[in-house]
Amino acid sequence: MDIVVKGRKTEVPERFRKHVAEKLKLEKIQRLDAKVISLDVEVSKEPNPRQADRCDRVEITLRSRGPVIRAEAAASDPYAALDMAAEKLDARLRKQHDKRFSRRGARRISAAEVPDHVPGVATLNGNGLSASEEESDGVPTKKIGSLEVKGEGPLVVREKTHVAAPMTLDQALYEMELVGHDFYLFVDSETKEPSVVYRRHAYDYGVIHLSTDPMVAEAQAPTAGGTLGG
């Protein structure tokens, strides 16, 4: 496998290409990810003089049989930008490697071992409540997250709440590839609305934005005050 170095609206000198080969050591990368297919380095230049301290941008894209890993950085010269991007790539590769290793080393807990790992679970019945906790009419009630379900209700397997800082679409894509999921829920930093990025086919991605319908929100809003009798 070779490293492909290309420039976007800029020339890439041979000296920089040699520096890329020295900085991104293929042997080290393949030790962390043995399924690497290609490694691309793209160099671009920002012509705006106001961004002189970030005029050179380097983006590294690593494709393998697993998720695509990208790392980019901008600095006042391409060498500094490459060093920063290489550090990010190394950190993300190590995180992916550690995740794969921990998954292989983990084992499932059998039903018989659950009471040993989850304190108090032996006192619960099949509905997740104590054996004596049932409705007076004989219909069992179970607690699922914040829902109280009576009888055969909606099946909510898991409920989670995450605190997340708003991010751009590019950042959300990087985070999705980093965790190795097919979708990623985030708050768009531009719209401040919840959004989801997801993987489509090959290296294509999609994004879904959620926005509040003001007419529906107004119709569902409680009416202030009470009714006056005549």
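The values are calculated or read from the model by the stated rules, or taken from the named source; none is laboratory data. Values in this document were obtained by computation on a predicted structure and should not be read as measured data. Ideal geometry is used to build each Cβ from the backbone, glycine not excepted, and the neighbour counts take in all protein chains shown. With ligands, DNA and RNA removed, areas are computed over all heavy atoms of the protein, side chains included. Shrake-Rupley method; radii C 1.70, N 1.55, O 1.52, S 1.80 Å.
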Being touching a residue at least 12 places away in the same chain (Cβ under 8 Å), among the small types (Gly, Ala, Ser) and farther than 28 Å from LEU62 by Cα is the filter here, so list the residues in region 168-218 that pass it.
-> SER211
Top-ranked residue in region 167-198 [being of a type in the set (Val, Ile, Thr) and more than 8 Å from the chain's Cα centre (by Cα); ranked as least open to solvent (accessible area, probe 1.4 Å)] | VAL197
Select from region 22-60 the residues that are hydroxyl-bearing (Ser, Thr, Tyr) and open to solvent by 50 Å² or more (accessible area, probe 1.4 Å) and list them in ascending order.
-> none
Check GLY226 against each of (1) more than 23 Å from ASP33 (Cβ to Cβ); (2) modelled with pLDDT of 65 or more; (3) loosely packed, with under 10 Cβ neighbours inside 10 Å and name the one condition it does not meet.
-> (2)
Of those in region 72-87 that are touching a helix residue (DSSP H, G or I) at 6+ places or on another chain (Cβ under 9 Å) and without any contact (Cβ under 8 Å) to a residue 24 or more places away in the chain, the residue surrounded by the most Cβ atoms within 10 Å (Cβ to Cβ) is ALA73
Could you grab the pairs with beta carbons closer than 8 Å, sequence gap of 6+ or different chains, first residue in region 1-21 and open to solvent by 70 Å² or more (accessible area, probe 1.4 Å), second one charged (D, E, K, R)?
-> VAL4/ASP40; LYS6/ASP40; LYS6/GLU42; ARG8/GLU42; LYS9/LYS45
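Give the residue, chosen from GLU177, GLU159, GLU148, that is assigned to a strand (DSSP E or B), among the acidic types (Asp, Glu) and modelled with pLDDT of 65 or more.
Exactly one residue qualifies, and that residue is GLU148.
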Does GLU134 satisfy being in contact with a Ser or Thr (Cβ under 9 Å, 6 or more places away or on another chain), open to solvent by 80 Å² or more (accessible area, probe 1.4 Å) and at pLDDT below 60?
-> yes
